[in-house]
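The values are calculated or read from the model by the stated rules, or taken from the named source; none is laboratory data. Given the structure is predicted, the values throughout are model-derived calculations rather than measurements. Note: ideal-geometry Cβ built from the backbone for every residue, glycine included; neighbour counts use all protein chains shown. With ligands, DNA and RNA removed, areas are computed over all heavy atoms of the protein, side chains included. Shrake-Rupley method; radii C 1.70, N 1.55, O 1.52, S 1.80 Å.
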Amino acid sequence: SRDISQYNVDHIFPLNKEEEINAAVGHKVDLNRIGNLQLLYHPLNRDEKRDMWPADWFQTISQHEEAEIQRVNQYPDVSLEPDMAEKFITAREKQLIDYLEQSYVKWTAQQASFINRDAGTSYMAYFPLKSSAGIGSYFTG
């Protein structure tokens, strides 16, 4: 079993490819957005990865590792080509938000407003409530 300390925060689309991505997309793309970041097992985050496009890097690892990385890191069904970088990042952010909402933000104000009869304490303050904006508003402002 791996410990979190064995992972690095990695850019899916490498920062040193920013100029090429911007040219391919036609405008500046923010590569430091959460949709372009993933946790990657340290031995897989080798120096040469910094200079590789994601699709090319996946050719250097096993199909099993590629499938696991894409599954665990919630890759959307969007091409990893440079001209699709912004669409990939945006789609992945939406997918991450949807996953978090479905998995962790299940409480509504009505459901969370129960009272602990023994202590007489409202637990509403302890649970993040799903607003009409949803958890996405925490990421997008």
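Tell me yes or no: at least one residue of region 106-123 is of a type in the set (F, W, Y) and at pLDDT 60 or above. Show your work before the answer.
Here is the first cut: in region 106-123, the residues of a type in the set (F, W, Y) are 107, 114, 123.
Filter again for at pLDDT 60 or above, leaving none.
No, that holds for no residue.
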Inter-residue pairs, beta-carbon under 6 Å, first at negative phi and in region 84-96, second open to solvent by 60 Å² or more (accessible area, probe 1.4 Å) and among the charged types (D, E, K, R), 6+ apart
I89/R33
In region 65-90, residue farthest from H11 (Cα to Cα) [restricted to those that are small (G, A, S) and open to solvent by 30 Å² or more (accessible area, probe 1.4 Å)]
A67
Scanning region 22-55 for residues that are touching a residue at least 60 places away in the same chain (Cβ under 8 Å) and either within 15 Å of the chain's Cα centre (by Cα) or open to solvent by 80 Å² or more (accessible area, probe 1.4 Å) (or both) gives R33, I34, G35
N8 vs (1) in contact with a helix residue (DSSP H, G or I) (Cβ under 6 Å, 6 or more places away or on another chain); (2) modelled with pLDDT of 95 or more; (3) not in a helix (DSSP H, G or I): all pass except (2)
